[in-house]
Structures are given as C-alpha cells and as structure tokens.
Amino acid sequence: MIDSCQICLSNLKELGNCFWQYTSDYNGYFGTSGSGKYEKWFNYLRPYYSPGENRWGQVSEGGTGLPVKKVKLLLCPSASSKFWSDESNGKTLVTQSAFIAWGIFPLNSMGWEVSGAGGSYGANSWAASIPSYTPVDRDKYWQNINVDGGENIPLLADCATVGGKPKLELDYSISPPEYDGHWYNGSLPTYNVTISIARFVLNRHTEGSNYLFMDLSARKVGLKENWTLKWSRTFNTSNRWTKAGGVEPDDWPVWMRDFKDY
C-alpha cells in the first residue's frame, strides 16, 4: 500500500511537470509572485494541471467568473480534509495544525483569492519572477528555472498557506515555530504576508515535510533542514539556525530539540 508520504511526493513531481511546461512556454521564467490572483502559482499553473480549465477570473478579465474545481493534486493526503478559510462573515482561523490546508475562498472577497481553490502546498515566493510593484530585494529572486544548485532551491512544498518568503533580515521570518503547526500568532505574520519559514516547518511526514526543488526533484526534508535550503539568491545557508552557524540544542523549541540537526 502506498503511504501518504509517497502520494504527496508523487503530487509534487506532477506539479513539477506543470512548472516545467509553464517555464518552457515562457523562456524558462516563472510567473510573478504578487498580490493579484493571476500572480498565484496555483492559478497561473491551472491550465497545465487541470486541462480544459482556464485561470479563474471575472468575465471582464477574460475568465469565467465561476469558482474553480477543487483538484486533489494540490492536496497532500495528510492534509486533505482540514481547511482554514476566509469566510464571507470575516476571517476565521481554524485550530492550527501541521495537517491543515488552505482554501476554499469565497468569490471576490480579496484581490488575490481564487474562489474554490484549495490545497496544502505552498510556493517559495523567491523562486518567482520579480513582481512589478516591488523594487526592493530584486537581487533575491531566482526568476528562471535554469539556475545552478537547483537541488537545494525550494520551489514548492508542504505548507500551511499558498507560499512563503523566508528573509534572514527579519528575525521573526526565520524563527522556528513554538509548537508543531504553529505558523500564525501575534508574533508571526498574518496569512496574507508571505514571509514566514514557519509555514513550511510542518511535521506531516515523520520529522519532515515534502519538497519540490528547482531541479524538479522531490524529496522529504528534515524539519531543521529548512534553514539550510537556499530560499533566495542571498539566503545564507550557514545562518544561526544551522550547525555551521553555531545553533545549540537548547536554542530550538522543545518539540524540535530531538530532531536531526543540519
């Protein structure tokens, strides 16, 4: 019997094929990672993983204006039944858990949301092309799939929301979660601010979570290994949360201390 970890890895590999098809059609470049719905990876990839269904959008924007179909490919089996959702009566955060999925969004509630969409994978926003609205940090974006060292550059992974953007310059952005599934509280960014590494530090697959890398390989990543990945072009993989950077066992939250060090 194939376990949920293997199914999850298979999903990521299939989504990797979609990224490959997309970048092949756009001279190696990824879509931008911005605040608009067409800048979200799960939307601009939709014609590739859900043939016959175009990107969602209002009719005036060239879309159908209808909710998209929920696609199992976007869901790890371990996180396929529990969603946090942005309900029409106000934002409601469900109980935090490593096994939570994002979606399903109401129609036209926010500019970036896609009605009907839901999943449990999130993109490394640094892999994307540079958003038109942000001149800062331009040197951090990978933009193109044809880069060296792709086996250590995250592209897509188990995630509590649609993506993340770990940034060494912001301490809370790279701080480990205080407990398993802790990706949001007053000290961490709200779900629509794409920076926290905590979104990816989810114990979904026995001391690890699954990743798709820039070279389109997929594998399980140890939870502490997250800090050694090359998130952006300028991300220091020997930062203070790594063995090379001098992290001590007691620096980690209690729930992570016995996990493998990297």
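The values are calculated or read from the model by the stated rules, or taken from the named source; none is laboratory data. Here the structure is a predicted model, which means the values were calculated and not measured. Methodologically, a virtual Cβ is constructed for each residue, glycine included, from the backbone with ideal geometry; neighbour enumeration extends over all protein chains shown.
Restricting attention to region 194-220, report how many residues are in contact with a His (Cβ under 9 Å, 6 or more places away or on another chain) and within 14 Å of P154 (Cα to Cα). Even if it seems obvious, please write down each step before you answer.
First pass over region 194-220, keeping only residues in contact with a His (Cβ under 9 Å, 6 or more places away or on another chain): 198, 201, 220.
After this cut, where a residue has to be within 14 Å of P154 (Cα to Cα) as well, the list is 201, 220.
Of the residues in that region, 2 qualify.
Kindly evaluate A98 against the criterion of being in contact with a Gly (Cβ under 7 Å, 6 or more places away or on another chain), at pLDDT 70 or above and buried (at least 19 other Cβ atoms within 10 Å of the Cβ).
Judged against the criteria, A98 is a match.
If you check every pair at least six apart or on different chains, which have Cβ atoms under 6 Å apart with a residue in region 170-183 that is over 17 Å from F259 (Cα atoms) and of a type in the set (F, W, Y) first and a residue that is in a loop (DSSP other than H, G, I, E, B) and modelled with pLDDT of 85 or more second?
Every condition considered, the pairs that remain are W183/A160.
Scan (1) at pLDDT below 95; (2) more than 25 Å from G103 (Cβ to Cβ); (3) part of a loop (DSSP other than H, G, I, E, B) for the single condition D250 breaks and write down its number.
Here D250 meets the rest and fails (3).
Go through (1) at pLDDT 95 or above; (2) in contact with a Leu (Cβ under 7 Å, 6 or more places away or on another chain); (3) within 27 Å of E39 (Cα to Cα) for I174 and report which single condition fails.
Of everything listed in (1) at pLDDT 95 or above; (2) in contact with a Leu (Cβ under 7 Å, 6 or more places away or on another chain); (3) within 27 Å of E39 (Cα to Cα), I174 misses just condition (1).
For region 58-73, does any single residue satisfy the condition of being modelled with pLDDT under 95 and buried (at least 19 other Cβ atoms within 10 Å of the Cβ)?
Filtering region 58-73 down to residues modelled with pLDDT under 95 leaves 58-73.
Going one step further and asking which of them are buried (at least 19 other Cβ atoms within 10 Å of the Cβ), we end up with 68.
Yes, region 58-73 contains a residue that is modelled with pLDDT under 95 and buried (at least 19 other Cβ atoms within 10 Å of the Cβ).
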